[in-house]
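Inspection log for the structure reproduced underneath, given as structure tokens.
The values are calculated or read from the model by the stated rules, or taken from the named source; none is laboratory data. For clarity, every value in this text was computed on a predicted model and none was experimentally measured. With ideal geometry, Cβ positions are generated from the backbone for all residues, glycine too; neighbour counts draw on all protein chains shown.
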Amino acid sequence: MRHHRVLRIISKLLIPFIMLFALYVQFHGDFGPGGGFQAGVIFGSAFILYGLIFGLEYARMVAPPAIVTRLVAAGVLIFAGTGYAGLFAGGNFLDYGVLKSDPVAGQHLGILLVEFGVGTTVAASMITIFFLFAGRDR
């Protein structure tokens, strides 16, 4: 891969903007189109692009598989924890209105937490799937 100098330079320029756009989609998702799933796919695609251009070994150094696996579980726990927090606060599962004293602020907090959990899980799952398929022996 060392002979693809243009691809390497262009990808080094694009990857930070891809990640920034993923963050925009993540945190703008409760006001418009987007959200956790879309942001997770975009964020995961930045790591996949890095792995395709620079090689699987370097991608595994940037995103170690042990940490990525923990991020999958952490995202699910954030999602489920937000749901159970509503239960413990006296509401229903994923009833965000009871998370704060103001129901509107509680809804906003709950949506942000759930979308962050979904985004984390989706991005880490995509990276894990890429590592599994790209690392298999031929």
- Task: For residues that are of a type outside the set (S, T, Y), crowded, with 17+ Cβ neighbours inside 10 Å and closer than 15 Å to G36 by Cβ, tally how many sit in region 82-108.
- Result: 1
- Only listed residue being among the β-branched types (V, I, T), free of Cβ contacts under 8 Å to residues at least 60 places away in the same chain and more than 29 Å from L112 (Cα to Cα), chosen from I18, I10: I10
- Item | Among (1) more than 27 Å from F133 (Cα to Cα); (2) free of Cβ contacts under 8 Å to residues at least 60 places away in the same chain, the one test that V114 misses | (2)
- Message: I'd like to check something: does region 70-81 contain any residue that is among the hydrophobic types (A, V, I, L, M, F, W, C), under 19 Å from T128 (Cβ atoms), in contact with a Leu (Cβ under 7 Å, 6 or more places away or on another chain) and surrounded by 13 or more Cβ atoms within 10 Å (Cβ to Cβ)?
- Response: yes
- Message: Return the residues of region 19-48 that are of a type in the set (A, V, I, L, M, F, W, C), more than 16 Å from A124 (Cβ to Cβ) and surrounded by 18 or more Cβ atoms within 10 Å (Cβ to Cβ); say none if nothing qualifies.
- Response: V25
- Assess whether V122 counts as being surrounded by fewer than 17 Cβ atoms within 10 Å (Cβ to Cβ), within 15 Å of F37 (Cβ to Cβ), modelled with pLDDT of 90 or more and not charged (D, E, K, R). no
